[in-house]
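Participant: I'd like to ask some things about the structure below.
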Amino acid sequence: MKHHVGAGLAILALSAVLTACAGGTGTAPATSPAVTAGSPAASATAPAASVSPPSATSTTTASAAVDLMTASSSAGEIVVDGKGMSVYFFTNDVKDSGTSACTDACLAAWPPVVTTSATPAAEGVTGTLGTINTPDGKMQVTLNGMPLYYFAKDTKPGDVLGQGVNGVWYLADPAGGMIMTGGAG
């Protein structure tokens, strides 16, 4: 009987955490890198057994400590989020405009990198960090005045499948430049 009570308590605790996170990431598809197991959007569709630590958009100190960092990849040294997911620039964005050119259906494939802090934290990133407001009121991280995005087909740290897509999506380097070599085209 104790085994069932313990499991029931664990499920209740998990439900409370998932309910608290339900404020969510908007309409990003379940395949979105911003929607990883344990993230607010995944919590509605992921089985309880696959839940991992809260996403970087959580308000917990541990996960919000670093919004961006650097990592080695097949494209060289790149900028990634605190969980190692690659981030991208969209060449249609206008530097320092305060808005994103990726809207509506574009956001399903290219979810914004969001933060809970007006001053995003980074390790190894030397470019200037900032934020802009998304249409749903979240803070999207910018690097050197350009909004940052995830690619929905990148499903694990180290994936760089968005590099060069349609000749307008490029990985960010630590100084805040676009890595224009390689990619899907």
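What follows draws every value from the coordinates through simple rules; no lab data is involved. Every value quoted in this text rests on a predicted model; they were computed, and no experiment measured them. Glycine gets a Cβ as well: all are built from the backbone with ideal geometry, and neighbour counts include every protein chain shown.
Participant: Calculate, for Ala118 and Lys156, the FRET efficiency according to 1/(1 + (r/R0)^6) with r their C-beta to C-beta distance and R0 35 Å; round to the nearest 0.05.
Facilitator: Computed FRET efficiency for Ala118 and Lys156 comes out at 0.75.
Participant: Can you tell me the length gained on complete extension of the stretch Thr126 to Asn166, counting 0.36 nm per residue apart and subtracting the Cα distance?
Facilitator: The Thr126-Asn166 span can extend by a further 11.7 nm.
Participant: Quick check: Cα centre of the range 156-179 to Cα centre of the range 93-145, how many Å?
Facilitator: If we compute the Cα centre of each part, the gap is 15 Å.
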